[in-house]
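First comes the structure, then the notes that go with it.
The values are calculated or read from the model by the stated rules, or taken from the named source; none is laboratory data. All figures in this text were calculated on a predicted structure; none of them were measured in a lab. When we count neighbours, we look across all protein chains shown, and the Cβ atoms used for this are built from the backbone with ideal geometry, even at glycine.
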Amino acid sequence: MVQVSSVTASEDKDLMQNDVNTLIVDFIGGAVGHRYRSGGGRKQALPKAIGLKAGKVTRVVDATAGLGRDAFLLASLGAEVTLIERSARMHQLLAEGMARASAAGGELAEVISRMTLLPGDSAELLPTLSPEVVLIDPMHPPRKNSALVKKEMRLIREIVGTDDDATELMQVALQCASNRVVLKWPQKADAMAGIRAPSHQILGKSTRYDVFMAL
């Protein structure tokens, strides 16, 4: 007879914590490194939404830095990116990942040199930065079907929680950005409540970018 062991809520939490402790920010290998080496260009949805143009340095504030992947992509295309992360643990992971990529030298170090990492709350910091473009990618509440959520995303949520104040952050960003605010949002989700309609949208495979041009 096959015995099936059950996992208690406490044991499940311990397993999740162990996984969280192994989470790293990797700009050298993995998905980020592959995308960088394969030459992800300006035709991707995010660079289009940000408004990157050849020969022009765009100053972007990534107000919800997370694993820093979007910031790295934009910096690899020539943008000057300021990353803000309020979770102390995630900020530490980002700093370590950026240090490793910088130590690797060459083009990777050059990309990292265009990335500035700040700790703190974006709603407080944005007014002091005079941003040209602000990118906001809120952490959404868990989906009802947890199987649809990638393990890595669950680990990130375990660290940073959910951004219940995303609307307030959007309102601050809209007041501060001199060019545009870009909201990264699930493609089929309703528009963020309490925010004016976007100027236009750029659609990705499972994500859309709501673009709010400065008024």
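Tabulated data
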read-out	value
Segment 196-215 residues that are part of a loop (DSSP other than H, G, I, E, B), paired with ones that are among the β-branched types (Val, Ile, Thr) and at pLDDT 95 or above (beta carbon under 7 Å, 6 or more apart)	PRO198/VAL211; SER199/VAL211
Selection status of ARG35, at pLDDT 90 or above, surrounded by fewer than 16 Cβ atoms within 10 Å (Cβ to Cβ) and in a helix (DSSP H, G or I)	no
Test for MET170: is it free of Cβ contacts under 8 Å to residues at least 60 places away in the same chain and not in a loop (DSSP other than H, G, I, E, B)	yes
Hits in segment 176-188 - residues which are in contact (Cβ under 8 Å) with a residue 40 or more places away in the chain and outside any strand (DSSP E or B)	CYS176, ALA177, SER178, ASN179
Unmet requirement for GLY78, which otherwise passes all of (1) part of a loop (DSSP other than H, G, I, E, B); (2) in contact with a Phe, Trp or Tyr (Cβ under 7 Å, 6 or more places away or on another chain)	(2)
Failed item in (1) under 12 Å from the mean Cα position of the chain (by Cα); (2) of a type in the set (Ser, Thr, Tyr); (3) closer than 18 Å to LEU23 by Cα, with SER87 passing the rest	(1)
Residue match in segment 134-141 (condition: closer than 23 Å to GLY51 by Cβ, modelled with pLDDT of 95 or more and of a type in the set (Asp, Glu))	no
Matching option when the condition is modelled with pLDDT of 90 or more and either exposed (fewer than 13 other Cβ atoms within 10 Å of the Cβ) or within 25 Å of LYS48 (Cα to Cα) (or both), among LEU129, LEU148, LEU93	LEU129
Only listed residue being part of a helix (DSSP H, G or I), within 16 Å of CYS176 (Cβ to Cβ) and without any contact (Cβ under 8 Å) to a residue 40 or more places away in the chain, chosen from GLU110, GLU124	GLU124
Test result for ALA71, closer than 18 Å to GLU124 by Cα and in contact (Cβ under 8 Å) with a residue 40 or more places away in the chain	no
Segment 56-68, subset within 10 Å of the chain's Cα centre (by Cα) and touching a residue at least 60 places away in the same chain (Cβ under 8 Å), residue nearest to ILE28 (Cα to Cα)	LEU67
